[in-house]
Amino acid sequence: MMRIAWLTDIHLNFLNEIHRYEFYEKIIQSQVDCLFITGDIAEAPSLSIFLFEMEKLLAKPIYFVLGNHDYFRGDISSVRNKMRHLTSERPFLNWLPAIRGVKLQEGIYLIGHDGWADGRFGDYQHSSIIMNDSQLIADLLNAYRLGKSYLLEKMQALAAYDCDELRENFFRIAMLKPSDVIILLHVPPFKENCLYKGEGNNEYFLPFYASQIAGDTLLEIADVYPEIKFLVLCGHVHHRSVYQPRENLIIKSGHAEYYYPRIEEIIEI
């Protein structure tokens, strides 16, 4: 049996060294075999530093995707190039889009991608919400400066690109006849997993907190492969939820709180 610690939205850049090491010690004490991280590890300038730190102290495979915060104070291409290089050079660090998929146990495979909110849920046009993404991620800032419609177009293009890669990576694994596939995302793929302050969907926040195209992609592959059980883990909304739109498809979002990282769940397979 394999024991996996699922972490999400740990925002290590908010912690001093003492508090980070206390968190790492809790992971060590959990006696897990590897880690899943569903994004928002840090911010672009410090992301690699904290990943190296985790790798050194934990000495276990770390499978991760990036969240929007991981691109803050950077640009998407540069951050992703660093993650590809890091994955190719480091023994335990695995950005999932770079490795395309991994066999965890017999018949059980892992894939994942960062994912982006695509503005399709809720009321984007009438929302007055201005996310830090459009101020602190160079690609989105450039689109935001051109106007709201340009920002939406950029969000949807980013979301579509990641979903295309995720679909391609899944079909590669599907040829191996898996019984179970675990998928890591950052942004929830369904509005049912997107709870604003735990009170349900908010039409003005939803455009920035969920990805309809990701949900459509998951439904597509779950319907085509009813014999495969899919478990999707995501973050972003800092609130725990479970949604099952299909018999063979379960989506979980994880709880998170700034300054208080935690193990969201120990998964046993």
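What follows is calculated from the coordinates using simple rules that are stated; it is not laboratory data. Owing to the predicted nature of the structure, the values given are computational and were not obtained by experimental measurement. Heads up, the Cβs are rebuilt from the backbone with ideal geometry, glycines too, and the neighbour counts pull from every protein chain shown.
The table below lists the values:
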quantity: Selection count, the range 26-51, where residues are in contact (Cβ under 8 Å) with a residue 40 or more places away in the chain and surrounded by fewer than 17 Cβ atoms within 10 Å (Cβ to Cβ); calculated: 2
quantity: Qualifying positions in the range 241-262 - β-branched (Val, Ile, Thr) and surrounded by 18 or more Cβ atoms within 10 Å (Cβ to Cβ); calculated: Ile251
quantity: Any hit, the range 94-103, residues being out of contact with any helix residue (DSSP H, G or I) (no Cβ under 7 Å at 6 or more places or on another chain), surrounded by fewer than 15 Cβ atoms within 10 Å (Cβ to Cβ) and under 18 Å from His236 (Cβ atoms); calculated: no
quantity: Near pairs, Cβ below 6 angstrom, 6+ apart or cross-chain, from the range 228-255 (within 18 Å of Ile41 (Cα to Cα)) to any residue that is aromatic (Phe, Trp, Tyr) and assigned to a strand (DSSP E or B); calculated: Leu233/Trp6
quantity: Members of the range 77-116 found to be more than 19 Å from Ile49 (Cβ to Cβ) and among the hydrophobic types (A, V, I, L, M, F, W, C), listed by number; calculated: Leu96, Ile99, Val102, Leu104, Ile108, Leu110, Ile111, Trp116
